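The values are calculated or read from the model by the stated rules, or taken from the named source; none is laboratory data. The model shown is predicted, which means the values in this text are computed figures rather than measured ones. In this analysis, Cβ positions are derived from the backbone assuming ideal geometry, glycine residues included, and neighbour counts consider all displayed protein chains. All accessible areas refer to the heavy atoms of the entire protein, side chains included, with ligands and DNA or RNA removed. Shrake-Rupley method; radii C 1.70, N 1.55, O 1.52, S 1.80 Å.
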Amino acid sequence: MAFAAVLSSGSRARTSSSNLQTPTPRRRPTTKTLALPPLPLAADLSLDSPAAIAVLGSAALAAAVSLTDPERRRQQQAQEIGGTDKEVVREYFNTTGFDRWKKIYGDATEGVNKVQLDIRLGHSKTVENAIQMLKDGGPLSGVSVCDAGCGTGSLAIPLAREGAIVSANDISAAMVAEARRQADEAISGVEGLTFPKFEVMDLEGLEGKYHTVVCLDVLIHYPQEKAEGMIAHLASLAEERLVLSFAPKTLYYSFLKRLGELFPGPSKATRAYLHAESDVERALEKVGWRVRRRGFTSTQFYFAKLVEAVPVA
């Protein structure tokens, strides 16, 4: 799942960017400005519309953000399905979430709105960067890779095309079925390639050892206290490399996330957790790993940090 921050359908688009880099001395963060479209007159607005809130001004908006209670909404969702946070995620990605994210991760454009197309672009850039990180370490033929949280196979399938031996899992049976279907169409019967092993499984249930473990856009479902344990678990499965992507926690992105919670919409059904890069790096260091390379993908509605970690020599 990607981090989407939707302020207005008329917002000025930001140029997408994607890069990989080796660790460098930390630089002072650049200031980002938020461009909003011209606002209508207050008399033309209903008081409960997003535009009306914008007209109220930044002070009133800040007050509204501080008074919203998304946690109460999440608890109600968990009670409705009789489960925990994990069960909410499982239920969502087996039902309405599956339909939404299948469209985002797919190739079709019909019925896909501009926001979804933008998130598709951002996620595909993260996948491309992750594959490039792995290929920079040498040929992938015969390399065992665990795709933890495989979704519809957007990473597992191209890795298999590169000759990797891929084990892919997801908490959603619907996602796994779709990934298996797409892999069957793309690589089934291709000489010299090993068909990925797809399983319905949550990350906590993963076992075994792999040369490389990759987990893209999944930590967004874990609060920091659980994310640290999950990072340690994933590192215990990897022998040589661990590649993670996560929604970065900064003041700017935290504000956009909270603003989005004012207007959740019917498809906003799971919690979205941001993570400070320093927290992720600290979790890796605790289990004897260090960040070797970093990357960042940014489009108008998608933001993801990418790190490649290796065991400390």
Q: For residue 173 and residue 310, calculate 0.36 nm times their separation in residues minus their Cα-Cα distance, and state this gained length in nm to one decimal.
A: 46.2 nm
Q) Roughly how much of residue 136 is accessible, in Å² to the nearest 10, using a 1.4 Å probe? A) 90 Å²
Q. Using the per-residue mean of other Cβ atoms lying within 10 Å as a proxy for protection, in what order, highest first, do the peptides 240-246, 117-123 fall?
A. 240-246, 117-123
Q. For the cross-link pairs 102/305; 135/286; 86/249; 114/197, which exceed 24 Å when the distance is taken from alpha carbon to alpha carbon?
A. 135/286; 114/197
**Q.** Amide H partners (placed H, <5 Å) of residue 292, local residues excluded
**A.** 308, 309, 310
Q) Between residue 162 and residue 225, what FRET efficiency follows from the Cβ-Cβ distance if R0 is 35 Å, with the result rounded to 0.05? A) 0.45
Q) What does the charge count near residue 286 come to, summing +1 for each Lys or Arg and -1 for each Asp or Glu among other residues with Cβ under 12 Å from its Cβ? A) -2
**Q.** Ranked by how many other beta carbons lie within 10 Å on average, peptides 282-291, 216-225, 149-158 from highest
**A.** 149-158, 216-225, 282-291
Q.
Per 0.36 nm of contour for each residue apart, how much would the distance between residue 197 and residue 108 grow if the chain were fully extended, relative to their Cα-Cα spacing?
A. 29.5 nm
Q | Amide H contacts under 5 Å for residue 143, placed H, 5+ residues apart | A | 165
Q: Mind checking the per residue accessible area of the range 79-160 for me, 1.4 Å probe, whole number of Å²?
A: 45 Å²
Q: With the full set of protein chains in place, find how many percent of the accessible area of the range 120-227 is carbon and sulfur; take the probe as 1.4 Å.
A: 49 percent
